[in-house]
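Here is the structure we will look at, set down as structure tokens.
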Amino acid sequence: MQLGVCYYPEQWPRTMWADDAKRMVELGITHVRIAEFAWSRMEPRAGEYVWNWLDEAVETLASAGLKIVLGTPTASPPKWLIDAHPDVLPVRADGTTWNFGSRRHYDIASDTYRRECLRIVDVMAARYGRHPSVIAWQTDNELGCHETVPSYSKAALQRFHGWLAKRYETIGQLNEAWGNVFWSMEYASFDAIELPNLTPTDANPIHLLDFRRFMSDEVASFHREQIDVLRRHAPDADMLHNFMGFFTTFDHYDFSADNAIDVAAWDSYPIARTESIALPEEQKARYARTAHPDVSAFDHDRYRGVGRGRFWVMEQQAGPVNWAPWNPVPAPGMVRLWAYEAFAHGAELVSYFRWRQCPYAQEQMHSGLNLPNNELSPGGMEVRRAAAEIAASDALSTLPAASPASVAVVFDYETQWMFEIQRHGKSFDYQTLAFDYYEALRELGLDVDIVSSKADLSAYRLVVVPSLAVVDHALVQQIERSHAQWVFGPRTGSKTREFAIPSNLAPGALQTVLPLQVLEVESLRASLQPSTSINGVDGIAIHWREHLRANGDAQVDAQFDDGWPAVIRQGTLRYVGAWLAHPLHRALLEQAALDAGLRVQALPEGLRTRRRGNVTFAFNFGPTGVDAPSPADASFVLGARRLNTGDVCAWIDNAAG
Ligand code: GAL
């Protein structure tokens, strides 16, 4: 459990650096990330490199004993580069071009820009790659942030043509797969295809989907090109990228395949995230100062999977931020709690953003561990406390790696894209549905792994698939071999890879193991409320409902008031034909977990637990004090059973050994 911080030496006088480094170490910080926005200082004019300042910064931090994460500076190309190559600026869906003057103003498909990036990364990595204190490299910064993944430039179009030609081989096969006979959309050659923007009404959904697949691959290859250069110069360092919370614009499993990263790092801003996602207003109000109890955990569990077990928090909220609709000060204790929460979910490092609040420019309203006048901020004091606690405790400083959970939630990026392209009802959002299932599992005291549909699922006892647009043969085989309980949500198996309805109707290939068919689907305005009951819990369908027909031996487990099945089951497999209101999801998952032989423990509202090895952590996100569900003979290694708002405790379960 190590603590880090993000630091921008280029924003402060050199005379402050040594004292900054000393104070970081005194605070208990071991890692520092630098340089990811400093291109204009590394290369103030084309080809003129100035490294003395970065040499000095690296030496200052290293000689204080800090481990350094170096960021490549490609998220902020300097003005001279844009002036020399204006085609590097990205083109938006409405055909306009973004300007210089903030960050991420580049087209990820631009060959010119990729060449410039590889040049600066090569020079930088050659200089610092073998420095013993530079232990990790981060590519760019938050790829895709500020909606910068899709680019509608000429460069993107050209690369898209190549991508399509590789996927479909002949234009005839593309026309067939896309169904281009519809509305006379047939093309005579790959070159004739345009990008799917600026059409009077919807573009063909498969055109949109293939463009999203292509752009996702562009993000991965942009990162991969840098990684190949970095690994040559820094063979022993960890390679990473800092991903974002609730972010689905590219496929993170594809991105990370083939050792493209060693660690999945992500940036955690729980309060700002709670403000900006689709949550009921009363929950936003309830958790305004603590963040929703599952909002960080969801991404901790997701990125642990993306990183094949290894993950870091590269940027952790340390106080009020500047970019959400409202930016309250966190409740006392939260800055400390978020670090323990990340560690409980298996993080190796939690690094706070940022060392000191910058009094000028875009982020002057964003807090750090120090106020602009260099006094330790309230967040900074909490970090000092956490660092001291960890250092003083053998149990906390030697936690084992997170072991696999018994419950898996399958998350699929393409499903998000497909249902964004064709929502069918404006309130249908796949990630929100996945989060609702996740939340229900966590309320039942269960630890969860979030995994790809291609992961090996054989060790899980309960597998929850909130939805999965395309069910392929490989997954069906996994289900056939599995002894787990499975729950499939609505719209599972509703599409083919080519974005069409399966010829045997939804749920497509899933019918091999779970014989049912979806006859019709409907999206629900708030006034349409089909109701049902699951294990004595009454509730309604919201957003979405399907008309299901049970075939073969499949049984109707729950029914709506108008007679349509709500849940169809065969053996260990359940299909849910609606987006159920939360209490129904919870009742359903509780039953499935009990059928899987799992121990379920309904937690008080706002309380969450997470096990790492033989240590169980409990966190109180709620507005009132609660007791942690610790056994009578628990030995506490942190805090105590009674938890006020923002409190955390951890114990070793003696009975569990
Ligand atoms: C992140 C970004 C940082 C900083 C931070 C502010 O998205 O990586 O550079 O802008 O947000 O919260």
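I'd like to check something: does the range 153-163 contain any residue that is within 16 Å of the ligand (Cβ to nearest atom) and either open to solvent by less than 20 Å² (accessible area, probe 1.4 Å) or within 27 Å of the chain's Cα centre (by Cα) (or both)? Let's see the steps before the verdict.
Within the range 153-163, the first condition is being within 16 Å of the ligand (Cβ to nearest atom), and the residues that meet it are none.
Within the range 153-163 (the criterion being within 16 Å of the ligand (Cβ to nearest atom) and either open to solvent by less than 20 Å² (accessible area, probe 1.4 Å) or within 27 Å of the chain's Cα centre (by Cα) (or both)), the answer is no, since none of the residues qualifies.
Of the residues in the range 110-123, at least one is away from the ligand (no atom under 16 Å from the Cβ), under 29 Å from the mean Cα position of the chain (by Cα), under 21 Å from Pro9 (Cα atoms) and at pLDDT 95 or above.
The conditions of being of a type outside the set (S, T, N, Q) and within 16 Å of the ligand (Cβ to nearest atom) are met by Val32. Take the conditions (1) open to solvent by 60 Å² or more (accessible area, probe 1.4 Å); (2) assigned to a loop (DSSP other than H, G, I, E, B); Gly622 misses just one of them, which is (1).
Hey, can you tell me all the residues within the range 284-311 that are assigned to a loop (DSSP other than H, G, I, E, B) and under 19 Å from Ser403 (Cβ atoms)?
Kept after step one, since they are assigned to a loop (DSSP other than H, G, I, E, B), are these residues of the range 284-311: 287-294, 307-310.
Gly307, Arg308, Gly309, Arg310 - these are the residues of the range 284-311 that are assigned to a loop (DSSP other than H, G, I, E, B) and under 19 Å from Ser403 (Cβ atoms).
When only residues in the range 223-246 that are surrounded by 20 or more Cβ atoms within 10 Å (Cβ to Cβ) and part of a helix (DSSP H, G or I) count, which is nearest to the chain's Cα centre (by Cα)? The qualifying residue nearest to the chain's Cα centre (by Cα) is His223.
For the range 606-654, name all the residues that are farther than 11 Å from Tyr340 by Cβ and of a type in the set (D, E, K, R). Of everything in the range 606-654, those that are farther than 11 Å from Tyr340 by Cβ and of a type in the set (D, E, K, R) turn out to be Arg608, Arg611, Asp627, Asp633, Arg641, Arg642, Asp653.
Would you check if Asp562 is within 33 Å of the chain's Cα centre (by Cα) and of a type in the set (Asp, Glu)?
no
State yes or no: is Ala291 on the phi > 0 side of the Ramachandran plot, within 16 Å of the ligand (Cβ to nearest atom), in contact (Cβ under 8 Å) with a residue 60 or more places away in the chain and not charged (D, E, K, R)? Here the answer is yes, as Ala291 does meet what is asked. Scanning the range 479-522 for residues that are surrounded by 15 or more Cβ atoms within 10 Å (Cβ to Cβ), part of a loop (DSSP other than H, G, I, E, B) and touching a strand residue (DSSP E or B) at 6+ places or on another chain (Cβ under 9 Å) yields a total of 14.
So, Glu281, is that one open to solvent by 10 Å² or more (accessible area, probe 1.4 Å) and either out of contact with any Asp or Glu (no Cβ under 7 Å at 6 or more places or on another chain) or more than 12 Å from the ligand (Cβ to nearest atom) (or both) or not? Taking the combined requirement at face value, the residue satisfies it. Step by step: first the residues of the range 168-197, then only those that are surrounded by 13 or more Cβ atoms within 10 Å (Cβ to Cβ) and either closer than 18 Å to Phe250 by Cα or among the hydroxyl-bearing types (Ser, Thr, Tyr) (or both), then the one that is farthest from the chain's Cα centre (by Cα). Which residue is that? Selected residue: Tyr187.
Pairs please, first residue from the range 40-56 and under 21 Å from Ser102 (Cβ atoms), second anywhere and loosely packed, with under 13 Cβ neighbours inside 10 Å and not β-branched (Val, Ile, Thr), Cβ atoms under 9 Å, 6+ apart in sequence or on different chains. So the pair list comes out as Ser40/Lys79.
Just for strands (runs of 3 or more DSSP E) wholly inside the range 548-593: which have at least 3 residues that are among the hydrophobic types (A, V, I, L, M, F, W, C) and within 17 Å of Glu439 (Cα to Cα)?
Counting at least 3 such residues, we get no strands (runs of 3 or more DSSP E) at all.
The values are calculated or read from the model by the stated rules, or taken from the named source; none is laboratory data. What you see is a predicted model; the values in this text were computed from it and never measured. Don't worry about glycine lacking a Cβ; one is built from the backbone with ideal geometry, like all the others, and counts go over all protein chains shown. These area figures cover heavy atoms from the full protein model, side chains too; ligands, DNA and RNA do not enter into them. Shrake-Rupley method; radii C 1.70, N 1.55, O 1.52, S 1.80 Å.
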